[in-house]
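Enquirer: Below you'll find the structure I mean.
The values are calculated or read from the model by the stated rules, or taken from the named source; none is laboratory data. These figures come from a predicted structure and were not determined experimentally. Glycine also receives a Cβ, built like all others from the backbone with ideal geometry; neighbour counts cover every protein chain displayed. Heads up: the accessible areas ignore ligands, DNA and RNA and are worked out on the full protein's heavy atoms, side chains in. Shrake-Rupley method; radii C 1.70, N 1.55, O 1.52, S 1.80 Å.
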Amino acid sequence: MSEPILYCDGEYVPESRARLSPFDLGVQFGDGIYEVVSAWQGMVFRLDDHLQRLTDSLHAARIDTGLDRQAWAQIVCETARRNGLRDAAIKIVVTRGVLPRGNPDPRAAKPSVRAFATPYAHLGSEEQRAKGIRLQIGHQRGMAPDTLDPRYKHTARLQYQLAKIEALDSGYDDVVWLSAQGFVEEAPRSNLFLVKDGVLRTPALGVLHGITRMTFCELAAELSIPVDAGNVTAFDLFVADEVFTCSTSGAALPVREVSGRSIRGTIPGELTQRLNALYWRKREAGWHGTRL
Ligand code: PLP
């Protein structure tokens, strides 16, 4: 198999030549922003929306790469093309970069930009997609928006990793956490939905504005399914008819159990299946697609 090709600060290089300095503030402090875009059958999905989220996060994080939308789009598509991938996850990682020697002012760092593409992969295994995952409500609380707003798609993910490790240690497949006020937020790599009495519900606050979450809200409107973005509690999950997580890596992933309570409906639930089927049908027809 040929070596993966990565985008590294303006150049496309084989993996063995890709470097990131240990002095980079991204390495030292997890000081960076990332984005993950997917391509399916040679079409990148919602590229503009992903780049809007990326450039918003970079702007809010005070990281200026000097790259415009067109340059970002070119990097995403070229990285997939150079790796010969039509079904791909393309990841962009921007770190604050390296400081001039002896200068501790973070504003003086020059950002580093990396992008790489891997074959498209689902977050859940085939069995999990068919039978659902077991989800734990973790004990760690989500980051308060006045500490680090979850809308930053940032690279400082220790909290997320620990929550996931603890869930796996306890025999669960994934974890969701609550806000300081006790409202359900999200999972380490996914947003969350539940269905109750025909209404699709999702937490409104304390979450990354997931592209798949936005897409599912649009698809629900198309299917005349009412959507309620608001407060969700653990109780709401326990008594839901359907629960699923969703992300760029595989769209909806059904949940069969939440912290010891079985979801009582069929798995995957009817609306979960209808939304997922419509998602893939529309993607395969080129909806919101940019050709590689
Ligand atoms: N929430 C978090 C914390 C994430 O890291 C992700 C994806 O990585 C998502 C939600 C889902 O976002 P998207 O649908 O844009 O992949």
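Enquirer: List the residues, sorted by chain then number, that are 5 or more residues from residue 110 or on another chain and whose placed amide H is less than 5 Å from its amide H.
Expert: Excluding prolines and chain starts, which carry no amide H, the hits are 98.
Enquirer: What is the chain's relative contact order, in percent, from Cα pairs under 8 angstrom and six or more apart in sequence?
Expert: 20
Enquirer: Modelling each spin label as a point 7 Å along the Cα-to-Cβ direction, I'd like the residue 169/residue 147 distance in nm, to one decimal.
Expert: Rounded to a tenth, the inter-label distance reads 1.9 nm.
Enquirer: For the range 6-64 and the range 150-181, what is the separation of their Cα centres, given in Å?
Expert: Each part reduced to its Cα centre gives a spacing of 22 Å.
Enquirer: Counting only the backbone N, which residues of the range 239-279 are under 12 Å from the spot 7 Å out from the Cα of residue 131 toward its beta-carbon?
Expert: 256
Enquirer: While we're on this one: Give the relative contact order (percent, whole number) for the range 126-284; include only Cα pairs under 8 Å separated by 6+ residues. Walk me through the numbers on the way to the answer.
Expert: Values: 306 pairs, mean separation 41.6, N = 159.
Relative CO of the range 126-284 lands at 26 percent.
Enquirer: Using the heavy atoms of the protein chains and a 1.4 angstrom probe, tell me the accessible area per residue for the range 5-119 in square angstrom.
Expert: On the way: 5810 Å² over 115 residues.
About 50 Å² of surface per residue is accessible.
Enquirer: Would you list which lysines come within 20 Å of residue 153, measuring only between C-alpha atoms, while excluding same-chain residues fewer than 8 positions from it?
Expert: 91, 110, 164
Enquirer: As an exercise, take the mean of 1/r over every pair of distinct alpha carbons in the chain, invert it, and state the Kirkwood radius in angstroms.
Expert: Values: mean 1/r = 0.0501 Å⁻¹.
The Cα-based Kirkwood calculation yields 20.0 Å.
Enquirer: Then there's this: Can you check what the net charge comes to around residue 142, using other residues whose Cβ is under 9 Å from the Cβ of residue 142 (Lys, Arg +1; Asp, Glu -1)?
Expert: Around residue 142, the surrounding residues sum to -1.
Enquirer: Further, regarding this structure: Quick check on packing: order 223-229, 96-102, 210-216, 176-182 by the mean number of other C-beta atoms within 10 Å, highest mean leading. It would help to have the intermediate numbers written out before the result.
Expert: On the way: 223-229: 12.9, 96-102: 15.1, 210-216: 21.9, 176-182: 17.1.
Top to bottom by mean Cβ count within 10 Å: 210-216, 176-182, 96-102, 223-229.
Enquirer: Follow-up. Taking 7 Å along the Cα-to-C-beta vector as the label spot, tell me the residue 16-residue 157 distance in nanometres, rounded to one decimal.
Expert: Each label point lies 7 Å from its Cα, and together they span 2.8 nm.
Enquirer: Excluding residues fewer than 8 places away in the same chain, name every one of the aspartates and glutamates whose C-alpha is closer than 15 Å to that of residue 282.
Expert: Correct list for residue 282: 218, 222.
Enquirer: Could you tell me the calculated FRET efficiency between residue 199 and residue 68, based on Cβ-Cβ distance and R0 = 45 angstrom, to the nearest 0.05? Working shown, then result.
Expert: Numbers: r = 41 Å, r/R0 = 0.90.
The value I calculate is 0.65.
Enquirer: To the nearest 20 debye, what is the magnitude of the charge dipole of the chain about its Cα centre, counting +1 on the Cβ of each Lys and Arg and -1 on the Cβ of each Asp and Glu? Can you show the working numbers first?
Expert: Working: 35 positive and 35 negative charges, 85 e Å.
My answer is approximately 420 debye.
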